[in-house]
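Written below as structure tokens is the structure these notes are about.
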Amino acid sequence: MRDTRESRLLLVLLIAIAFALITVDIRGGEDSPVDGARQAAATVFGPVENGVSSAVDPIGNAIAAVKDSGERHNRVSELERENAALKAKLGSDDRNRSKIRQLDSMLKTAGAGQYGIKGAQVIAIGAAQGFSWTVTIDSGANDGLERDMTVLNGDGLVGRVTTVGPNTATVLLANDPDFTVGTRMERTDELGFASGQGDRPLRVQLLNGKAKVKKGDRLVTFGSQADKPFVPGVPVGQVVRVDPSGGDLTRTIYVKPYVGFTKLDVVGVVVQAPRTDPRDEVLPSKPAKPKPTPTVTVTATPSGPPAGANGNVEQ
């Protein structure tokens, strides 16, 4: 609009009318004559205001969120720390439960064979002097350990002590290629010598080339003179393969060890041998064979036609 005398007069007139309406509205209160016009304007412009409010509110919320972000971040960090601590505690409890199970199993094995043992835990794998299958345990000379003592766990033969320090000792595992132990078959008492083959089954050379052996037969340690390095009766493993007998003086079989050498944790060192040879008493009980379920067959016996069924009436 161009700035003319008429436009200025119109502007002054509009302002005067506006002030007059405001005065009338204030004095009229609830009965104001412009109330109807106000409601009509609210009806028209209300949706527009809501739309503007919806567009502006997220911005306000974002500003409030930025203001509270420090407190929220601290709370999230606190919850994350509590969650990590809880997971660590649960993991620790699982670990403790596993150790308790291993210790309980080992004590049962030692009790069955009447072995006096010193408990220990595997703290390292391997040896600095070579690539042999060995582990380091956290017991040593201060705990009564000596060289050439038998080491076992709840499953069976682990190995023998080779080096002893004040507080630690090195154990040569039964699957090491340099490891040899005398064995005796559970069922036939056949004697032999088992040698380690790393991650493969033990190779057992039976002294009797005509010995009758089958898959699943079990072996225990035969024992050494003065019970060193091996006490008798410790479970070794079970037969998984038998080489054909070729008329040789010896016979070769292959035995899967009871012990899992890659997951050793709690072990026991035999510091006192049993008074008598436990023989097969330490071997785990064989699972009972399931009894066959009796089958009952019901056979229907055909019967003749009832009396009078042929249409005749008995007198």
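The values are calculated or read from the model by the stated rules, or taken from the named source; none is laboratory data. Just so you know, these numbers come straight off a predicted model, no measurement behind them. Please note: Cβ atoms are built from the backbone with ideal geometry, for glycine as well, and neighbour counts cover all protein chains shown. Only protein heavy atoms, including side chains, enter the accessible area calculation; ligands, DNA and RNA are left aside. Shrake-Rupley method; radii C 1.70, N 1.55, O 1.52, S 1.80 Å.
Summary of computed values
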{"read-out": "Distance violations [Cα-Cα > 21 Å] among Lys215/Lys286; Lys108/Lys215; Lys228/Lys286", "value": "Lys108/Lys215; Lys228/Lys286"}
{"read-out": "Cα-based shape type of the stretch 139-203, given that a ≥ b ≥ c are square roots of the gyration tensor eigenvalues and the cut on a/c is 1.5", "value": "prolate"}
{"read-out": "Rounded, prolate or oblate (a/c below 1.5 giving rounded, otherwise prolate when a/b exceeds b/c) for the stretch 221-276 by Cα gyration tensor", "value": "oblate"}
{"read-out": "The stretch 184-248: C-alpha gyration tensor shape, a/c 1.5 cut-off, then a/b vs b/c", "value": "prolate"}
{"read-out": "Under 17 Å from the Asn142 label point (7 Å along Cα→beta-carbon), backbone N, the stretch 150-188", "value": "164-170"}
{"read-out": "With every protein chain in place, the stretch 155-194: carbon and sulfur % of accessible area (1.4 Å)", "value": "48"}
